[in-house]
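K.L.:
Handing you a structure now.
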Amino acid sequence: MTTNNEVIAANKEKFIELLHSTGRKGVDEVISVLEELGFFKAPASTRFHLSYEGGLLEHSLGVCRIALMVRKQVLLVRPELEPQLPVESVILTTLLHDTCKAEIYKRAMKRRKNERGIWEDYEGYDVDYSDFPVGHGEKSVIVLLQSGLELTKEEILAIRWHMSAWDLPFQSYELMGSLNAAREKTPLIGILQAADGLSANVLEMK
């Protein structure tokens, strides 16, 4: 039977292979930073999708796989968009959009009711934003740029806004204006947002 460590190792190998396929300067440095931050063993959430060791890595690969399929279908309808949707940009933004989650999950003892309605202790995850509290997409962009990865403006916009309006203050017309302006600049944002949502809310749900 395949163990979770073997699954993580195989997923990590695929992840690194995909990053190297882009030929982008700074990829090796990013991989080292991700290793230091614990990215490859982090969960994808505390209790929703893929809330177990290696879940974040699995989610990132899933988003990449879906985004490449979505890109292919989009170009069948709008082939003129191909220059705006380079394969390497899709791979980089999808694999690295949640870099911000690498170090925020901390193991903790929690309580929940089991199927018989009895409270029980279990090991889960809490979220700790104290290390670098600058925001979700913003943190991913900053960490990647600080690691030395070369990103295009379109890739920066896609990673920054991959959560769409979910992390916007409701009264922030300025940020909503920035999101709408970013969407007008590159279709890469729509591809990443769609793939992220499909992966988390469809493929990864129990």
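Every read-out reported here was derived from the displayed coordinates using simple, explicitly stated rules and does not represent laboratory data. If you're wondering where the values come from, they're calculated on a predicted model, not measured in any experiment. With ideal geometry, Cβ positions are generated from the backbone for all residues, glycine too; neighbour counts draw on all protein chains shown.
K.L.:
Between 0 and 90 degrees, rounded to the nearest ten: what's the tilt of helix 136-146 against the longest Cα principal axis of the chain?
P.N.:
The helix 136-146 is inclined about 70 degrees to the chain.
K.L.:
Tilt of helix 188-198 relative to the longest C-alpha principal axis of the chain, in degrees (0 to 90, nearest 10)?
P.N.:
Result, in degrees: 30.
K.L.:
Also: With the cut-off at 27 Å, tell me which of the pairs K25/K185; K41/K139; K106/K153; K25/K153 have Cα atoms farther apart than that.
P.N.:
The pairs that break the limit, which is 27 Å between Cα atoms, are K106/K153.
K.L.:
Tally Lys/Arg at +1 and Asp/Glu at -1 over every other residue whose Cβ is under 14 Å from the Cβ of L37; what's the total?
P.N.:
-2
K.L.:
Kindly provide the pair-distance distribution of the chain built from C-alpha pairs, with 10 Å bins from 0 and whole-percent values in order of increasing distance.
P.N.:
The distribution over the chain is 8, 33, 36, 17, 5, 1, given as percents.
K.L.:
Can you work out ³J(HN,Hα) from phi for every residue in region 5-14, in order, using Karplus 6.51 cos²θ - 1.76 cosθ + 1.60 and θ = phi - 60°, giving whole Hz and x for Gly and Pro?
P.N.:
4, 5, 5, 4, 4, 5, 5, 4, 4, 5
K.L.:
Give me the net charge of S140's neighbourhood, meaning all other residues with Cβ under 9 Å from the Cβ of S140; Lys, Arg count +1, Asp, Glu -1.
P.N.:
+1
K.L.:
Among S60, S140, S32, which one shows the biggest mean-square fluctuation in a GNM of the chain, springs joining Cα atoms closer than 10 Å?
P.N.:
Sorting by GNM fluctuation, first place goes to S32.
K.L.:
Between P133, P83, P43, where does the largest GNM mean-square fluctuation fall for the chain, given springs only between Cα atoms within less than 10 Å?
P.N.:
Taking springs between Cα atoms under 10 Å, the residue moving most is P83.
K.L.:
Placing +1 at every Lys and Arg Cβ and -1 at every Asp and Glu Cβ, with all other atoms neutral, what dipole size does the chain have around its Cα centre, in debye to the nearest 20?
P.N.:
Dipole magnitude for the chain comes out near 580 debye.
K.L.:
To the nearest 10 degrees, how steeply does helix 173-185 sit against the main Cα axis of the chain, on a 0 to 90 scale?
P.N.:
The answer is roughly 60 degrees.
K.L.:
Also, quick follow-up: Using the Karplus curve 6.51 cos²θ - 1.76 cosθ + 1.60 with θ = phi - 60°, work out ³J(HN,Hα) for each residue of region 56-64 in order, rounded to whole Hz, and write x for Gly and Pro.
P.N.:
5, 5, 4, 4, 4, 5, x, 4, 4
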